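The block underneath contains the structure these notes are about, expressed in structure tokens.
The values are calculated or read from the model by the stated rules, or taken from the named source; none is laboratory data. Please read all numbers here as calculations on a predicted model, not as lab measurements. We place every Cβ from the backbone using ideal geometry, glycine too, and count neighbours over all the protein chains shown. In case anyone asks, the SASA skips ligands and DNA or RNA and just uses the protein heavy atoms, side chains included. Shrake-Rupley method; radii C 1.70, N 1.55, O 1.52, S 1.80 Å.
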Amino acid sequence: MDISTAILIIGFAAVIAAFFLLVIGLVYSEMMNSDIPQGVANRGKLHVVHGLFVGISIVGRILDRLGLCHQVRFTRWFRRRFLVHIRPVPPGLRVKDLTFSEVPVRVYEPTTGSLGLRRGLVYFHGGGWVLGSLDTADDVCRHIAKEAETTVISVGYRLAPEHRYPTQLDDCDAATCHFLSVAEAEFGVDPGRVAVGGDSAGGNLAAALCQRLAKRKDGHLLSPCAQVLIYPALQMADFNLPSYQQNHAVPILFRGRVAFYFLQYLNGDTSVCQDLLEGNHIPAEMRLAFKEWLSPEHLPPECKVRGELQQVHSALDYNGEVYHIIKDGLDPEVSPLLAEDAVIRLTPPAFILTCEYDVLRDDGILYRKRLLDLGLDVTWHHVPDGFHGLLDFFKKGWLTFPSATQAINSIVSYVKTL
């Protein structure tokens with residue numbers, strides 16, 4: 001080996017070493033900004049998970065700035081390649097990939113005998129309208145289908161930033177209506193016993209779809225019999241509710257990322273992210289109207305005991321330019337919690353799952369109150385040691401969290417009642 005070749009090798013190794021040192025330093029810095037409360041189960045494991053996700057994000061950000069690969073595409077690739085494992089289909093279950101009205105779906109059908117028509121669940125995965133896929137929701141959908149003896153339809157809706165609102169909701173709408181129209185003839189499912197549901201952004205889509213279908217009722221198709229909302233994101237009007245303040249730095253969903261994901265879904269203009277967090281996007285008269293539904297006074301006392309909660313809104317901080325950029329996000333199809341009573345009253349009974357250490361906890365609890373106040377049946381399951389994204393760690397080997405199993409079993413128990 002000549003000297004020039006040796007120098008090239010040493011130089012390349014030095015660049016690689018510097019790159020990894022940079023990543024490690026940035027990961028360490030990000031992890032120091034996190035806050036995992038004592039009440040979270042398996043805190044050490046969550047630290048490891050958070051470090052892994054931060055590392056993926058940082059490498060993606062570096063590759064993006066170098067012009068080598070878009071950060072979102074890198075994150076999707078890494079998760080698909082290293083964090084998703086599709087197991088062989090277990091006995092008692094049939095799984096097949098189909099297309100409903102040009103939307104990819106994965107159908108999970110129990111093969112055990114049934115005395116009559118089965119129940120159904122149309123499921124929308126989470127991921128901030130940006131991440132997630134049929135594969136990431138596979139373990140959850142398999143478990144629900146088999147344990148609840150329910151035909152589950154998982155919907156592979158299109159994602160941001162390639163596709164913005166209302167594409168995701170439109171895809172879920174099209175797939176759901178297609179299934180309702182063929183449920184009995186092609187799948188042996190009672191169309192009157194089909195629920196819709198999802199986790200996180202998927203819970204948002206499920207709630208918004210129930211409201212859309214309730215307004216559209218034309219007598220030709222039955223509406224969903226229930227909505228299964230798993231730590232749903234339900235409004236982008238107030239990012240300073242108690243759960244946002246208490247859990248602002250709890251992995252795996254920080255407060256700032258919620259605003260980022262909403263903006264990616266809406267129009268991609270993340271320059272106003274800080275304005276959303278500070279509440280500068282809501283006119284005074286609108287904030288007053290929303291108070292009826294978003295006031296912390298409507299939360300149970302136990303939701304307000306952790307930390308020093310602050311009132312951060314001021315009418316003097318309102319920015320009209322920001323409002324016009326995000327105003328579509330205050331539409332109930334993006335923020336279902338802000339829908340009028342007359343619409344919510346027409347929606348089906350609900351199952352709502354919330355986690356104590358989740359920035360979105362209060363969205364779910366406040367929506368539960370609205371539903372109850374309007375006379376709807378609501379089943380609420382609260383995970384006292386849970387965090388956002390809990391179901392992503394169901395049946396994930398050493399990354400499995402026991403509270404994820406408890407959470408999904410509560411979902412199965414509810415689905416069985418439909």
Run the numbers for GLU184 and ASP331: contour at 0.36 nm per residue of separation, minus the present Cα-Cα distance, in nm. 49.5 nm
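With a ≥ b ≥ c the root eigenvalues of the C-alpha gyration tensor of segment 35-100, is it rounded (a/c under 1.5), prolate (a/b larger than b/c) or oblate?
Because a/c hits 1.5 or more and a/b fails to exceed b/c, segment 35-100 counts as oblate.
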How many percent of the accessible area of segment 46-129 is carbon or sulfur, using a 1.4 Å probe? 58
Taking Cα centroids, how far is segment 216-294 from segment 373-418 in Å? 21
Size of the dipole of the chain about the Cα centre, Lys and Arg at +1 and Asp and Glu at -1 on the beta carbon, nothing else charged, in debye to 20? 1080
Residue-normalised 222 nm signal for the chain, counting each DSSP H run of n ≥ 4 as -39,500 (n - 2.57), nearest 500 deg cm²/dmol, is -13500 deg cm²/dmol
Mean separation of Cα contacts under 8 Å, 6 or more apart, over the residue count of the chain: relative contact order %: 16
R0 = 41 Å: FRET efficiency of HIS85 with LEU222, Cβ-based, nearest 0.05? 0.65
So, R0 is 35 Å and r is the distance between the beta-carbons of GLU285 and ARG257; what FRET efficiency does that work out to, to 0.05? 0.75
Among all stretches of the chain without exposed GluC sites (Glu not before Pro) (DSSP loop, at most 13 other Cβ atoms within 10 Å), which one is longest? 163-307
At 7 Å along the Cα-to-beta-carbon direction for both LEU63 and LEU117, put a label point, then send me their distance in nm to one decimal. 4.7
Along the charge dipole of segment 312-408, which of LEU337, TRP398, ALA350 sits closest to the positive end, that is, farthest toward it, with unit charges on the beta carbon of Lys, Arg, Asp and Glu (+1, +1, -1, -1)? TRP398
What ranking, highest mean first, results for peptides 113-120, 323-330 when packing means the other Cβ atoms within 10 Å averaged over each residue? 323-330, 113-120
Could you list the trypsin sites (Lys or Arg not before Pro) in segment 194-249 that lie in coil according to DSSP, counting only those with at most 14 other Cβ atoms within 10 Å of their Cβ? LYS217
When we measure straight from the Cα of LYS416, which aspartates and glutamates land under 12 angstrom away, once same-chain ones fewer than 8 places off are left out? GLU147, GLU149
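What dipole magnitude, in Debye to the nearest 20, does segment 85-134 give about its Cα centre under +1 on Lys/Arg Cβ and -1 on Asp/Glu Cβ? All intermediate terms of the calculation are to be shown ahead of the outcome.
Details: 6 positive and 3 negative charges, 40 e Å.
Rounded to the nearest 20 debye, it is 200 debye.
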I'd like the Karplus ³J(HN,Hα) series for segment 144-152: coefficients 6.51, -1.76, 1.60, θ = phi - 60°, whole numbers in Hz, and an x wherever there's a Gly or Pro. 4, 4, 6, 6, 9, 6, 10, 7, 10
Under the rule rounded for a/c under 1.5, else prolate if a/b exceeds b/c, else oblate, using alpha carbon gyration tensor axes a ≥ b ≥ c, the chain is classed as oblate
With a point put 7 Å past each Cα toward its Cβ, work out how far TRP380 is from GLU102 in nm, to one decimal. 4.2
In the chain, what % of DSSP beta bridges are antiparallel (nearest 5)? 30
What FRET efficiency, computed as 1/(1 + (r/R0)^6) with R0 = 30 Å and r the Cβ-Cβ distance, is obtained for LYS45 and ARG94, rounded to the nearest 0.05? 0.35
Per residue solvent-accessible surface (Å²) - the chain, probe of 1.4 Å: 44
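So if I place +1 on the C-beta of Lys and Arg and -1 on the C-beta of Asp and Glu, and nothing else carries charge, what would the dipole magnitude of segment 288-418 be about its Cα centre? I want it in debye, nearest 20.
Using only the charged Cβ atoms, the result is roughly 540 debye.
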Centroid-to-centroid separation of segment 67-132 and segment 171-190 [C-alpha atoms, Å]: 17
